[in-house]
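Enquirer: Attaching a single structure in structure tokens format; questions to follow.
The values are calculated or read from the model by the stated rules, or taken from the named source; none is laboratory data. Given the structure is predicted, the values throughout are model-derived calculations rather than measurements. Cβ coordinates were reconstructed from backbone atoms using ideal geometry, including for glycine residues, and neighbour counts include every protein chain displayed. Surface areas here come from the heavy atoms of the whole protein model, side chains and all, with no ligands, DNA or RNA. Shrake-Rupley method; radii C 1.70, N 1.55, O 1.52, S 1.80 Å.
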Amino acid sequence: MKLKDLLKKTGPGPLVTAAFIGPGTVTVCSLAGIQFDYTLLWALGLSLVATLYLQEISGRLGLITRMDLSELLKNQSQNQVFKILSLVLVFLAIGLGNAAYEGGNLTGANLGLGVFWEAPVWKINTFSIQSGTLLFGGLAFFLLWSGNYKTLEKALIALVILMSLAFLIAAGLTRPDWSAVFSGFIPVFDQEKLPTLVALIGTTVVPYNLFLYASLAKNRWVKPKEINAMRWDISLAVILGVGVSMSILIVGVANPVSELQTAADIAQGLRGVFGEFASYLMGFGLMAAGLTSTITAPLAGGLVICGLLGKSQEIQSTSMRISMGSILLMGIVVSSLGMRPFYLITSAQLANGILLPIISGWLIWAGSQSGFLGDHANSKTWTFFGFLIWVLTLVLGLKSLGAVFGWF
């Protein structure tokens, strides 16, 4: 299949890739490789299966019901207490939580920029305003405010392709031990690895991506017979994204440093063979990852907030512009608090992994309801498979809490 034909068949799926391949993914995957070699590749393989399963349900719900997940939550009437709790949880986790992630996205993009140019820093009391953060924030604001969805989608797809190439080439340059790589797909459980394992899954199966894709799918496809096109789209996007994550982990294995502070640290393992080219390659990848996530986080958060409040979800509407602008502005503030960025991003990813069982549990239930999907609802066997995925995410979340608080 020619690239042109492939792109024609591609829907909004690459926006999902753009959203979950952010600075958090680069950080967590790099640290997983640095600390544990290839032994956690199986966790990314598992996250691939879980993400495909959940994102397909998300897209199917959007396509068939003509509503996104926030609208479905709002309109359900079976249990009013559950409905209210769900709406509050989603609003806090997706709407306000994206502001914290936005801070990490902007910080990560600025770190990537630092490989090419040390942007000026302005000190205002306890705040350190980096001009690079304002640069990327301004670019994201311009693209979102323009309201031209097609232009936004094309820009993100181009960035995703370039970012993916940067990380895939970087992984190839490390000349990995392929026998060790393949052995990394054999599951090995170790208490010491649990927080990183949960973070790896959490950085891939991103709750706000589930809301984002349902909204995008309902606007891209209108007929039930187009489900296969939707499945092709999301499968391609998720496989590409997880492949990039695996590439980043492989680069991490070749990295001799024990602590990550800058984009140059991530590229350290490649310098011995390829010199400064490695830094530029990884710097561009991190910069692109940060920028794509900087754009998609406000977009997803805005769709959720407007859906919950019953406001217009058109990207040019006043409600969407206010919601997206607020998330972006809060992200700029968060990125200026002076916290060590990699710890901020890694902590956010770990929290994401803990939150996942709550979101995924409701989604699996919704996917099995004929009231939502009619003949396209999950079969009992497919629902049971989803239950296994949910149990796994629940156990991992509990174990991560146990590791933090010393329960186990």
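Enquirer: Here are some conditions: (1) assigned to a helix (DSSP H, G or I); (2) closer than 19 Å to residue 301 by Cα. Residue 50 meets all but one. Which one does it not meet?
Expert: Exception for residue 50: condition (2).
Enquirer: What is the residue count in region 191-218 for residues that are open to solvent by 70 Å² or more (accessible area, probe 1.4 Å) and in contact (Cβ under 8 Å) with a residue 12 or more places away in the chain?
Expert: Of the residues in region 191-218, the ones open to solvent by 70 Å² or more (accessible area, probe 1.4 Å) are 191-192.
Checking which are in contact (Cβ under 8 Å) with a residue 12 or more places away in the chain leaves us with 191.
The qualifying residues number 1.
Enquirer: If you check 186, 248, which single one turns out to be at negative phi, open to solvent by less than 10 Å² (accessible area, probe 1.4 Å) and modelled with pLDDT of 85 or more? Explain how you work it out, then say what you get.
Expert: Numbers: 186 fails: open to solvent by less than 10 Å² (accessible area, probe 1.4 Å).
Selected residue: 248, the only one of 186, 248 that is at negative phi, open to solvent by less than 10 Å² (accessible area, probe 1.4 Å) and modelled with pLDDT of 85 or more.
Residue-wise test of (1) at pLDDT 75 or above; (2) open to solvent by less than 60 Å² (accessible area, probe 1.4 Å); (3) not aromatic (Phe, Trp, Tyr).
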| site | (1), (2), (3) |
| --- | --- |
| 113 | yes, yes, yes |
| 116 | yes, no, no |
| 132 | yes, yes, yes |
| 150 | no, no, yes |
| 155 | yes, yes, yes |
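Enquirer: Return the residue satisfying two criteria in turn: it lies in region 392-407 and is open to solvent by 50 Å² or more (accessible area, probe 1.4 Å) and among the hydrophobic types (A, V, I, L, M, F, W, C), and of such residues it is modelled with the highest pLDDT.
Expert: 394
Enquirer: Would you check if there is a residue in region 363-375 being open to solvent by less than 10 Å² (accessible area, probe 1.4 Å), under 19 Å from the mean Cα position of the chain (by Cα) and at pLDDT 80 or above?
Expert: Checked region 363-375: at least one residue is open to solvent by less than 10 Å² (accessible area, probe 1.4 Å), under 19 Å from the mean Cα position of the chain (by Cα) and at pLDDT 80 or above.
Enquirer: Taking residue 211 as meeting all but one of (1) farther than 23 Å from residue 57 by Cα; (2) in a helix (DSSP H, G or I); (3) of a type in the set (Phe, Trp, Tyr), write down the number of the exception.
Expert: Tallying (1) farther than 23 Å from residue 57 by Cα; (2) in a helix (DSSP H, G or I); (3) of a type in the set (Phe, Trp, Tyr), residue 211 fails exactly one: (1).
Enquirer: Look at region 9-18 and say how many of its residues are open to solvent by 10 Å² or more (accessible area, probe 1.4 Å) and not hydroxyl-bearing (Ser, Thr, Tyr).
Expert: 2
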